[in-house]
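Here is the structure we will look at.
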Amino acid sequence: NGTLNWSADDMASKLIEVRIKHDRVGEWDEQFALTLSNPSYGSTLGTATVTQTITNDDPALMLSMSNTRITEGNDPELGTPFSFVVTRTGDITVRSTVQWEIQSVSQTLDENDFGGLFPSGTVVFDPNESSKTVTVLTGGDFTVEGNEDFRIVLSNPVNATVVGPEAVQATIVDDDVAVSVRSVSGEVVEGQTGSTVTF
């Protein structure tokens, strides 16, 4: 901050220079405002505020998933495919990597819900690549069960920074059919020999 001074009859423009601290951390674009205030007696303010944007120029990774409700499926070999996307912004001229894994959120969800193991892997961005889609399969079955939650987690980025959430949560929606029986008549009177009783 500071003060701008003009002498009498001085109508020259003043240049305000703001210096931005450099870093090598991927982050969101950031805005700041420069504001004029408290003009001296006899002066008025026209445009009092200008806004500037600091554009990130370091590798930044963002995780997203457009459909977070996945139908379980019935075939344990095929399952149901679902996808998530890792996007890289800022400086994409370098090679960047980040690890991902699926973690259980529901107590009933286990490796069998993904065909025998919890999937994991590494997303690799070669120079000038900005988006990668990862597809995973559920392990289908015919077992009636509740919906089950899991999350996809990013960790250990190299030559990049994860911005925003490091995890997204999704749900495997059970699609199996259950059949059950219940009585609608309550107690049944036995009746006399030779009679018929309906219940």
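The values are calculated or read from the model by the stated rules, or taken from the named source; none is laboratory data. Keep in mind that what you see is a predicted model, and the values were worked out from it rather than measured. Cβ sites come from the backbone with ideal geometry, for glycine too, and all protein chains shown count toward neighbours. Heads up: the accessible areas ignore ligands, DNA and RNA and are worked out on the full protein's heavy atoms, side chains in. Shrake-Rupley method; radii C 1.70, N 1.55, O 1.52, S 1.80 Å.
Summary of packing: across the peptides 42-49, 106-113, the per-residue average of other C-beta atoms within 10 Å ranks them, highest first, as 106-113, 42-49. Largest accessible area first, the residues W6, W28 order themselves as W28, W6 under a 1.4 Å probe with ligands, DNA and RNA left out.
Taking all Cα pairs closer than 8 Å and separated by 6 or more residues, the relative contact order of the chain comes to 23 percent. Extension gain, V184 to S130: 0.36 nm times the residue separation minus the Cα-Cα distance gives 13.3 nm.
Taking a ≥ b ≥ c as the square roots of the eigenvalues of the alpha carbon gyration tensor, the stretch 78-181 is prolate, as a/c is not under 1.5 and a/b beats b/c.
Of interest is the spacing of the C-alpha centroids, which for the stretch 1-42 and the stretch 136-196 amounts to 59 Å.
Between the residues S130, N156, A178, the greatest Cα displacement towards the positive end of the dipole of the stretch 56-199, with unit charges on the Cβ of Lys, Arg, Asp and Glu, is found for S130. Remark: relative contact order (the stretch 28-112) = 25 percent; criterion is Cα-Cα distance under 8 angstrom and separation of 6 or more residues. Specify whether the C-alpha gyration tensor of the stretch 1-142 places it in the rounded, prolate or oblate class, a ≥ b ≥ c being the square roots of the eigenvalues: rounded for a/c under 1.5, otherwise prolate if a/b is larger than b/c and oblate if not. Prolate, because a/c is 1.5 or more and a/b exceeds b/c. Quick one: among A12, A60, A167, which has the greatest mean-square fluctuation in a GNM of the chain with alpha-carbon springs under 10 angstrom? Most flexible of the set in this elastic network: A12. Remark: the T108-T143 segment gains 11.4 nm on full extension, using 0.36 nm per residue and subtracting the alpha carbon distance. Note that the chain presents 71 Å² accessible area per residue, ligands and nucleic acids not counted, probe 1.4 Å.
Using +1 on the beta carbon of Lys and Arg, -1 on that of Asp and Glu, and nothing else charged, what's the dipole of the chain about the Cα centre, debye to 20?
Working: 10 positive and 29 negative charges, 196 e Å.
It comes to approximately 940 debye.
What you get for the stretch 62-107, charging only the Cβ of Lys and Arg (+1) and of Asp and Glu (-1), is a dipole of about 260 debye around the Cα centre. Report note on the peptides 177-190, 138-151, 79-92: ranked by the mean count of other C-beta atoms within 10 Å, highest first, their order is 79-92, 138-151, 177-190. Sorting R24, R95 by solvent-accessible area of protein heavy atoms yields R24, R95, largest first, with a 1.4 Å probe. Under a Gaussian network description of the chain, with springs only between Cα atoms under 10 Å, the residue in L117, L154, L63 that fluctuates furthest is L117.
Estimated from the Cβ-Cβ distance and a Förster radius of 30 angstrom, the FRET efficiency linking D9 and D29 is about 0.10.
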